Amino acid sequence: MRGPLILGAAIAVPAAALAATVPSALSQIAGGLWEVSGAPGSPAPIRQCVADIQMLAQFEHRSRNCTRTVLSDNGTSTVINYRCGPSDFGQSQVDVVTPRSLRIATQGISAQLPFNYVIQAHRVGDCDKNASSPRH
């Protein structure tokens, strides 16, 4: 009976460590003012000040406080699973095109409805104090 408990503890520690770290694919990506195109229901790109680049992985739930777990990370692509309370969740694959350009394929459940879409995110500058326009 002791063997399974020890093995379970050994598996739980690395999963918790992954959740607390920035994936290597995103470690060289800077926060700042990002322009996101392709969001459902938005005819124009959305500009958003992003301090933690992992927040783009939960774009559907960007105004929510969610827990994130890194499922895979190969240096240029990462898969992040996240949960926002008891019923909203998602999984996103973030591909680094360049240090200023990301492709994000995301799917999950939001407000009891499924979502599945791909967005493009481009860093357009630094955030000003009001987080509404880039600094030059």
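Only the coordinates and a few stated rules stand behind these numbers; no lab work does. Nothing here was measured: the structure is a model prediction, and the numbers come from that model. Methodologically, a virtual Cβ is constructed for each residue, glycine included, from the backbone with ideal geometry; neighbour enumeration extends over all protein chains shown.
For the reader, a short list of remarks on this structure follows.
- Computed from the C-beta positions of Ala30 and Gln91 and an R0 of 35 Å, the FRET efficiency is 0.90 to the nearest 0.05.
- Gain in span if fully extended, Gln112 to Thr67, counting 0.36 nm per residue against the direct Cα distance: 14.4 nm
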